[in-house]
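The values are calculated or read from the model by the stated rules, or taken from the named source; none is laboratory data. The model shown is predicted, which means the values in this text are computed figures rather than measured ones. Glycine gets a Cβ as well: all are built from the backbone with ideal geometry, and neighbour counts include every protein chain shown.
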Amino acid sequence: MKKMNALVLAALLGMFSLAAPLAQAQAQQAAVAQDAMSEGEIKKVDKEAGKLTIKHGELKNLQMPGMTMNFRVADPAMLDKVKAGDKVRFKAEHMGAALAVTALEVVR
């Protein structure tokens, strides 16, 4: 019985010792995801071509300096969420040979 209690206690302690690193890893993943978001301003919405022209700051996840450029959108519904002049936070990623906006939110 004492061996069983010791094993249960050891298992519980092991679970608690894993909880802190797991929480830390989750916090780091959230920080990385937040860093992947970039700030910009919508210059043009081209629904026919499925593209946004965005004047943006550094795209850290792509190691790209700030500039104005065209992006495809991963979801055409994004084109209805913004208009020229909107300040946005967005995530751009490589999709095949093109860069595409995969996440988009208007900054108010």
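Which of (1) within 11 Å of residue 104 (Cα to Cα); (2) part of a loop (DSSP other than H, G, I, E, B) does residue 78 not meet, given it meets every other one?
(2)
Pairs please, first residue from the stretch 62-85 and not assigned by TED's automatic domain parsing to the domain that holds residue 51 and surrounded by 14 or more Cβ atoms within 10 Å (Cβ to Cβ), second anywhere and of a type in the set (Val, Ile, Thr) and part of a loop (DSSP other than H, G, I, E, B), Cβ atoms under 7 Å, 6+ apart in sequence or on different chains.
That search, which allows pairs on different chains as well, returns nothing.
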